[in-house]
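Read the structure below first, then the notes.
Only the coordinates and a few stated rules stand behind these numbers; no lab work does. Remember, predicted model here, so these are calculated numbers, not experimental data. Counting neighbours? That spans all protein chains shown, and the Cβs are built from the backbone with ideal geometry, glycine included.
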Amino acid sequence: MSDVRLVTATIDLVYDEVSANADKFELEFNEISETDEDSIGQWIKHAKVRTETNDSDALMLNLLVELYRKIDKIELILTKGAPKRLPLAGAAVIESIGLEHFKLNLDSFEPGKHYYGRVEIATFPKREIAFFFEAVDASLAKIVKMHVRDEKEWGYYMTACERAMIRQMKGL
């Protein structure tokens, strides 16, 4: 446990123990990961492969894609209602994160047990991340399964938190 490097980050976590509901959790886990595989995302990927985006401003293109996704999400909510998520029994606040670990502000876990959780991290665009984790002790957990694209976002978020912490320590 001494090799676990954590940085301060405040994130709301909802979680539940993985037991008889493992199949339902796995289904939701996969459903959440498919949100980036929308029609505009596929179109952009194909356009990049065909080098049709070489003359485009990448930042502007990303902003337009995110605006399209927001409008698409609003349309979906208006027609079908908010996306249904499984109700999870526990809620806690993550006080610090690492690349593979996180620590809660309270003792909420049973060591050795496996859990499923969801968080929303404040990146652009805001990301909902689902993952499976194992309790190392009552407040420390090790992430066992997370989608590759979410691992990257988690790492970026951790790095951003670490940079902010360093700037704060330097008094900037």
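A crude spin-label estimate for the pair N30 and V65, with each label 7 Å from Cα along the Cβ direction, gives 2.4 nm.
Sorting check: for 45-53, 6-14, which peptide has the highest mean count of neighbouring beta carbons within 10 Å, and how do the rest follow? The partial results should precede the final answer.
Working: 45-53: 11.4, 6-14: 16.6.
Result, highest mean Cβ count within 10 Å first: 6-14, 45-53.
Under the simplified labelling scheme, the A91-E75 pair shows an inter-label distance of 3.2 nm, with each label point 7 Å from Cα along Cα→Cβ.
Residues in segment 107-137 near a label at I40, defined as backbone nitrogen under 13 Å from the 7 Å Cα→Cβ point? Within reach of a label on I40, which here means backbone N under 13 Å from a point 7 Å along Cα→Cβ, segment 107-137 contributes 125-126.
For segment 78-128, what does the alpha-carbon gyration tensor say about shape, rounded, prolate or oblate, given a ≥ b ≥ c as the root eigenvalues, a/c under 1.5 as rounded, and a/b over b/c as prolate?
Values: a/c = 2.67, a/b = 1.52, b/c = 1.75.
The shape class here is oblate.
Kindly state, to the nearest 0.05, the FRET efficiency for V136 paired with A82, given R0 = 22 Å and r defined as their beta-carbon distance.
Efficiency, from the Cβ-Cβ distance: 0.05.
With semi-axes defined as the square roots of five times the eigenvalues of the C-alpha gyration tensor, the equivalent ellipsoid of the chain measures 31, 23, 14 Å, largest first.
Taking Cα centre as origin and charging only the Cβ of basic (Lys, Arg, +1) and acidic (Asp, Glu, -1) residues, the dipole magnitude of segment 39-80 rounds to 240 debye.
Please give the length that would be gained between L99 and E52 if that part of the chain were fully extended, namely 0.36 nm times their separation in residues minus their C-alpha to C-alpha distance (nm, one decimal).
Working: separation 47, 0.36 × 47 = 16.92 nm, distance 3.52 nm.
Residue separation times 0.36 nm, minus the Cα-Cα distance, leaves 13.4 nm.
Net length available on complete extension from K126 to N21 is 35.1 nm, with 0.36 nm assigned per residue and the Cα-Cα distance removed.
Mind pulling up the Rg/Rh value for segment 20-91? Radius of gyration and Kirkwood radius, both on Cα.
Numbers: Rg = 16.4 Å, Rh = 14.8 Å.
Radius of gyration over Kirkwood radius for segment 20-91 works out to 1.11.
Working note: Karplus 6.51/-1.76/1.60 with θ = phi - 60° gives segment 8-22 the couplings 5, 7, 9, 9, 7, 10, 10, 8, 7, 6, 7, 8, 5, 8, 4 Hz, where Gly and Pro are set to x. One quarter of the convex hull surface built on the alpha carbon atoms of segment 39-80 amounts to 2.9 nm², the projected area averaged over directions.
The angle between the Cα long axis of helix 39-49 and the longest principal axis of the Cα atoms of the chain comes to about 70 degrees, rounded to the nearest 10.
Ranked by the mean number of other Cβ atoms within 10 Å of their residues, highest first, the peptides 114-122, 86-94 fall in the order 114-122, 86-94.
Here, P(r) means the percent of Cα pairs in each 5 Å bin from 0 to the largest distance; for segment 120-172 it is 5, 16, 20, 20, 19, 12, 6, 1.
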